Amino acid sequence: MRRPSKTCGICESGVRVVDYKDDRALARFTTERGKILPSRLSGMCSRHQRQMSQAIKRARYLAMLPFIKGSGR
């Protein structure tokens, strides 16, 4: 069976560009281990998925977001 397509939450909210400084919004699209959620789970369109992944990578580089959460050691 085919799943119904999700709508992009960022398109609906009217945001044009995803900002790397908004750590709460970025953390919403990462897993509990710190990985970036795929678009099939997050429901984002491809344009905003690319912007979101780029923003998460920039925030990681500037130490606003961790690269990995809970390494278990």
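The values are calculated or read from the model by the stated rules, or taken from the named source; none is laboratory data. All figures in this text were calculated on a predicted structure; none of them were measured in a lab. Positions of Cβ are generated from backbone atoms using ideal geometry, with glycine treated the same way; all protein chains shown enter the neighbour counts. Side chains are part of the model used for accessible areas, which takes the heavy atoms of the whole protein and leaves out ligands, DNA and RNA. Shrake-Rupley method; radii C 1.70, N 1.55, O 1.52, S 1.80 Å.
Results for (1) at pLDDT below 90; (2) part of a loop (DSSP other than H, G, I, E, B); (3) of a type in the set (F, W, Y); (4) touching a Ser or Thr at 6+ places or on another chain (Cβ under 8 Å), shown as yes or no for each residue.
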position	(1), (2), (3), (4)
S5	yes, yes, no, no
V15	yes, yes, no, no
L26	no, no, no, no
M44	no, yes, no, no
R47	no, no, no, no
Q51	no, no, no, no
Q54	no, no, no, no
R60	no, no, no, no
S71	yes, yes, no, no
Query raised in the report: Of the conditions (1) in a helix (DSSP H, G or I); (2) in contact with a Pro (Cβ under 9 Å, 6 or more places away or on another chain), G34 fails just one. Which one is it?
Result: (1)
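Anything in region 39-53 that is touching a helix residue (DSSP H, G or I) at 6+ places or on another chain (Cβ under 9 Å) and surrounded by fewer than 12 Cβ atoms within 10 Å (Cβ to Cβ)? List them, or say none.
Scanning region 39-53 gives a single hit, S46.
Results for (1) over 9 Å from the mean Cα position of the chain (by Cα); (2) among the hydroxyl-bearing types (S, T, Y); (3) at positive phi, shown as yes or no for each residue.
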residue	(1), (2), (3)
L41	yes, no, no
C45	yes, no, no
S53	no, yes, no
I56	no, no, no
A59	yes, no, no
G70	yes, no, yes
Report summary line: Taking first residues from region 31-43 that are within 22 Å of A63 (Cα to Cα) and second residues anywhere that are open to solvent by 50 Å² or more (accessible area, probe 1.4 Å), the pairs with Cβ under 6 Å that are 6 or more apart or on different chains are R33/K69; G34/P66; G34/I68; G34/K69
